[in-house]
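To start, the structure itself, in structure tokens.
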Amino acid sequence: MNPDILRERQNATFDIEKLTNILDGGAERTNRRREIREVLVLNDPDFDYGTPTSLPTMILKLREYGISDPVEINWYKSMYWGTGREALGLHYVMFLPTLYTQCDSEQFNKWVPLIIGTYAQTEMGHGTHLRGLETTATFDPATQEFVMHSPTVTSIKWWPGGRNPLFLPLIFLSIPLSASLFDLFLSGFALPTCSGIVIGDIGPKFGFDAVDNGYLKLEHVRIPRENMLMKYAQVKPDGSYVKPLSSKLTYGTMVFIRSLIVGNAGIVLSQCCTIAIRYSAVRHQSEIRAGEAEPQILDYQTQQHKLFPLLATAYAFLFAGQYMIDTYNRISGDINQGDLSEMPELHALSAGLKAFTTWTANTGIEVCRMSCGGHGYSRSSALPDIYVEFTPSCTYEGENTVMMLQTARFLMKSYRQVQAGQQLSGAVSYLNKVHHRVMAPQAVSSQLDLNLNTLVDLYEIRAAMLVELAAQSIQQESARGKCQEDSWNNSTIDLVRASDAHCHYMVLKMFRDKVDQIEDPGVHSVMSTLAHLYAIHGMGNFTGDFLQAGVLTGAQVPSVSKCLKGLLAEVRPSAVLLVDAFDHHDKMLNSVLGRHDGNVYEAMFEWARSSPLNRTEVHESFHKHLKPLQAKL
Ligand SMILES: CCCCCCCCCCCCCCCCCCC/C=C/C(=O)SCCNC(=O)CCNC(=O)[C@H](O)C(C)(C)COP(=O)(O)OP(=O)(O)OC[C@H]1O[C@@H](n2cnc3c(N)ncnc32)[C@H](O)[C@@H]1OP(=O)(O)O
Ligand SMILES: Cc1cc2nc3c(=O)[nH]c(=O)nc-3n(C[C@H](O)[C@H](O)[C@H](O)COP(=O)(O)OP(=O)(O)OC[C@H]3O[C@@H](n4cnc5c(N)ncnc54)[C@H](O)[C@@H]3O)c2cc1C
């Protein structure tokens, strides 16, 4: 083991295993995760690490082991495929969940055990605006069939992931029977028997190469009436249409995956922090004091400023991910029982946190890569691949700006309710104080109050202030004679800013609530430091907001920076131990820089030598091209 890494792991001030248990949701979950990793994957004789041929094996193994929980599936798949994306992600996170939530019982029993499929919603002309989808589904009572058709070039289904020509069962979203509702259909196609279907691949992408995103054009293709997913909406044999309790129930799968993406952003950021911080502990470069040995780059304050707030953010997002999944499970259970009362709040929370966490993690991955210098740019670090696989999450499952505006819509509605004298509950209950002016900025002392509860209150006031400013912008636009839609559009910068601040407050509050639950003194202490670092770092990035909200004075601004530097120094001794607690296996990270033993240089040389380009001392291209050329000169 590298001596630097060894030294970093001495004198731990907290129990790493207990922190790992907290991240997993308890010791039993840690044991289950390790059982899946060690027993069901690494020690499985059928396991042939990450090669394409192992994909069918993985599917059959998941069924054999009865693994159906999304988090457990992710544990298994991430061990099987490392940090890359495999072709069937969409099957597990969208196709199956749609069948689970949108099929009636007869359809469920008929389809769920048998098929692998994709999710074809986006069209060439519309991805965000679902009410603009053009694919039609016309019911023919004479044959009891739906005629599926792509009337325009922009209606061609574009992007369905995993569109393997062999299995085309896919979930459709199509303009249906009544203009404002969407319905879901299972295609049931089995190529090449169906005529009227034109499919293909949309071509090379930025990355995401394990997934074959395709296109699908339908020319009056007929499917049985029974292929409409009929849990919430039905078309009777006589063609009569039974509307769902809410047209937004059709959007349920997107809310589910957005909820998962929140925690996934935390996982991916924790992977990158593991790589960058372990590498920074073994990399020596330049000098701090002339004549002395080159220091670990982790001892540079700028390196700490790059990485430690991201480390705190990774923990914050993992805790937010747990909260999001628990909230999704609770509210979707109520929805399943017909109680839709909290569906708007679930949509607003999942949409906002999905955008907030993926935008932040996306930027953070690049900071981690650049903090590793040239070796960070090498594929051996795994950081370029992680970035290329993660970055589309800012676009898919709801483009982030649009998602932030959906949250803003809920915030504006809540603000109006408070203005009308209503008492709010749930995540927006802090807006009640805005109306009664209880939000009067705290009498801030000359010294910055570092108490975590006070910091949460300051973020709450900041969010409330920005919600009020956005509402006032809309009111001012209306007062200038703008229609409601133009008033909204002319305020969308303010609206996104308000949603971002609302999500920032929510994530810090979840972090603080999780810290409050930690009983072990050592773990509580280090987690409290990270939560403070998360809050103070955010205050440094958005100082203007806190000044504008009147909760920070100009005289206090220097103390924010001073406090931040102190917290960076406080985290330094525990940095490697804090990434060890994420418990990412070397085989899953697949990173020369992030190895648990820290033996980076030897591993990097072996990695380079294993390249096909180095299979011979002199590459064949010399003999084939250069030597003949030289002979002619
Ligand atoms: C520590 C825990 C760790 C756990 C981690 C576990 C990890 C497990 C695995 C992780 C997997 C990671 C990611 C894997 C990715 C896999 C690959 C993905 C491939 C990509 C697939 C796709 O992209 S599929 C297509 C996705 N498309 C979209 O998302 C479309 C976005 N557009 C929309 O959703 C809608 O068009 C809209 C919401 C933007 C607008 O809809 P609409 O126009 O109908 O509504 P309005 O704006 O007019 O609003 C009217 C009214 O409706 C309310 N509303 C809107 N949507 C919803 C909803 N979904 N639910 C409830 N209510 C909704 C809206 O709020 C309005 O309400 P009012 O009361 O009127 O205000
Ligand atoms: C890797 C990847 C995999 C995918 N897999 C699938 C899949 O399997 N199945 C599937 O159905 N789809 C899939 N998609 C498609 C994805 O869901 C859409 O790309 C996404 O919903 C965004 O829609 P769009 O592409 O139409 O972008 P647009 O909505 O056209 O966005 C372009 C710009 O317009 C802005 N904009 C749009 N509407 C508004 C508004 N109301 N207010 C303000 N600004 C706005 C956006 O903010 C953005 O800046 C995938 C996409 C990617 C990148």
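So here's what we get for this one:
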{"read-out": "Selected from Ser574, Leu547, Ser280, residue furthest toward positive end of dipole (the chain; charges at beta carbon)", "value": "Leu547"}
{"read-out": "Percent of alpha-carbon pairs separated by more than 31 Å within the chain", "value": "57 percent"}
{"read-out": "Whole-number Å³ per residue for the convex hull built on Cα positions in region 188-332", "value": "173 Å³"}
{"read-out": "19 Å Cα-Cα reach of Lys231 towards lysines, excluding residues that sit fewer than 8 places from it in its own chain", "value": "Lys110, Lys243, Lys248"}
{"read-out": "Spin-label model distance (nm) - Gln285 vs Arg9, 7 Å beyond Cα toward Cβ", "value": "2.5 nm"}
{"read-out": "Among the listed pairs Lys514/Lys587; Lys18/Lys514; Lys413/Lys433; Lys18/Lys565, those beyond 18 Å (Cα-Cα)", "value": "Lys514/Lys587; Lys18/Lys565"}
{"read-out": "Two-decimal Rg to Rh for region 217-287 - Kirkwood Rh, Cα set", "value": "1.42"}
{"read-out": "Computed magnitude of the charge dipole of the chain (debye, nearest 20; Cβ of K, R +1, Cβ of D, E -1)", "value": "980 debye"}
{"read-out": "Assigned charges on the beta-carbon of Lys, Arg, Asp, Glu; region 198-296 dipole about Cα centre (debye)", "value": "620 debye"}
{"read-out": "Loop-exposed GluC sites (Glu not before Pro) per DSSP, neighbour cap 14 Cβ within 10 angstrom, longest uninterrupted part of the chain", "value": "1-218"}
{"read-out": "Fraction of accessible area attributable to carbon and sulfur, region 476-630 (%, probe 1.4 Å)", "value": "54 percent"}
{"read-out": "Area of Asp449 that stays accessible when all protein chains are in place (1.4 Å probe, Å², to 10)", "value": "70 Å²"}
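The values are calculated or read from the model by the stated rules, or taken from the named source; none is laboratory data. Just so we're clear, the structure is a prediction, and the values are computed from it rather than from any experiment. Don't worry about glycine lacking a Cβ; one is built from the backbone with ideal geometry, like all the others, and counts go over all protein chains shown. Protein only, heavy atoms only, side chains kept; ligands, DNA and RNA dropped before computing areas. Shrake-Rupley method; radii C 1.70, N 1.55, O 1.52, S 1.80 Å.
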